[in-house]
Amino acid sequence: MALLVMKFGGTSVGSIDKINNVANIIEKQLIDKKLIVVLSAMSGVTNKMQEYIDEIESNEIIENDLILTSGEAVSVGLLSAILKKRNIKSIPLLGWQIPIITDSNHQKAKILNIDKVRIDKYLNDYDDLVVAGFQGVDVDGKITSLGRGGSDTTAVAVAAAVDAYRCDIYTDVDGVYSTDPNLEPKAKKIDKLAFEEMLEMSSTGAKVLHTRSVELAMKNNLTLQVLSSITKERGTLVVDENKLIEKEIVSGVSSVSYTHLTLPTSDLV
Ligand code: ADP
Ligand code: ASP
Ligand code: MG
């Protein structure tokens, strides 16, 4: 059965109503797919945790990552509970439970390995895995975080590890724009763009995608879609430039083939 990874950002899970809306989106996709759903913390929660850390002037990097990543446990638990109430076979998973192994660079950890065998086993038993973004565990068992906005990178790394056919990033705008649409009302929505172009936008400040998530998608030739969890508009596709051109020449249309993918296993980032 087809396997899709979906990621919902903080604003998409910012209240129980919004999490119920996410559950509706998931329910529709589950008709013909298995899903891995990666979540951020409810909007504002990670900032609040950072404020607590600042208030006690904590320099304890191990504790700080434990605190910073705590919000994701709440959103993952809430969504999975809601899905179960709807009789969906769902399981909530924190980073260490998969595990998502990272290096020990607290607050900017890089993913080293994701246990595909373990995920496949979960996928056998469940239709929907609800995975905490942003967090991992190092080889000593200490909780790490990937850097602010890092849930996108979790989603892409998981999608690459399990050979998902695409990774959909749901957020509070309906796609990637020429410039931040919240700052520039004349910004134009882009239907599709190449990894390289997206990478340039992300690395020059377009926070709609975490830069490392774009690097990782490019490295694994994994198609991304950025779309809104509220409107039903088609999103923006981020694809391999060559594939896009080939497809246009062959078919005369500019739609994108989703059949591709190479396989990463370790040293993901
Ligand atoms: P999430 O919580 O879903 O991860 P983010 O706040 O990290 O959401 O990213 C979405 C935001 O990115 C949008 O609300 C928008 O203000 C901002 N943004 C910056 N540049 C762009 C761009 N070029 N296209 C779309 N959104 C952009
Ligand atoms: N919750 C984390 C943050 O606010 C991770 C993310 O949203 O991607 O940075
Ligand atoms: Mg983000």
Checklist line | Cα-based Rg and Dmax for the chain, where Dmax is the largest Cα-Cα distance (Å) | finding: 17.8, 61
Check: Between the helical axis of 45-55 and the dominant principal axis of the chain, each derived from Cα atoms, what acute angle in degrees is found, rounded to the nearest 10?
Finding: 40 degrees
Next item on the list: Please work out whether region 78-138 counts as rounded, prolate or oblate from its C-alpha gyration tensor, where a ≥ b ≥ c are the square roots of the eigenvalues and a/c under 1.5 means rounded, while otherwise a/b larger than b/c means prolate and anything else oblate?
Entry: oblate
Note to self: Could you work out what % of the accessible surface of the chain is carbon and sulfur, using a 1.4 angstrom probe and leaving DNA, RNA and ligands out of the count?
What the structure shows: 52 percent
Checklist line | Accessible area expressed per residue, the chain, with surrounding protein chains retained (probe 1.4 Å, Å²) | finding: 47 Å²
Next item on the list: Kindly flag which residue pairs out of K28/K108; K33/K85; K142/K192; K85/K188; K7/K192; K108/K188 have an alpha-carbon separation exceeding 30 Å in this structure.
Entry: K28/K108; K142/K192; K85/K188; K108/K188
Check: Which value in nm describes the separation of the simple spin-label points at K219 and Q97, placed 7 Å from the Cα toward the beta carbon?
Finding: 2.7 nm
Notebook entry, point to check: Which longest run of the chain has no exposed loop site in it, a site being GluC sites (Glu not before Pro) in a DSSP loop with at most 15 other beta carbons within 10 Å, and the site itself not part of the run?
Noted result: 61-232
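Once you have the Kirkwood Rh of region 28-102 from its Cα pairs, apply Stokes-Einstein at 25 °C and 0.890 mPa s and quote D in µm²/s. Numbers along the way, then the final one.
Numbers: Rh = 14.2 Å.
Using the Kirkwood radius from Cα pairs, D works out to 173 µm²/s.
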Margin query: Quick check on region 1-129: take the gyration tensor over C-alpha atoms, sort the square-rooted eigenvalues as a ≥ b ≥ c, and tell me if it's rounded (a/c under 1.5), prolate or oblate.
Written below: oblate
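Lys and Arg at +1, Asp and Glu at -1: add these up for the other residues within a Cβ distance under 11 Å of V214 and post the number.
For residues surrounding V214, the net value is -3.
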Item checked: Net lengthening on full extension, S178/K48 (0.36 nm per residue, minus Cα-Cα) -> 43.7 nm
Next item on the list: Classify region 82-225 as rounded, prolate or oblate from the Cα gyration tensor: take a ≥ b ≥ c as the square roots of its eigenvalues, call it rounded if a/c is under 1.5, otherwise prolate when a/b beats b/c and oblate if not.
Entry: prolate
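The values are calculated or read from the model by the stated rules, or taken from the named source; none is laboratory data. What you are looking at is a predicted structure, and each value in this text was computed from that prediction instead of being measured. Methodologically, a virtual Cβ is constructed for each residue, glycine included, from the backbone with ideal geometry; neighbour enumeration extends over all protein chains shown. Side chains are part of the model used for accessible areas, which takes the heavy atoms of the whole protein and leaves out ligands, DNA and RNA. Shrake-Rupley method; radii C 1.70, N 1.55, O 1.52, S 1.80 Å.
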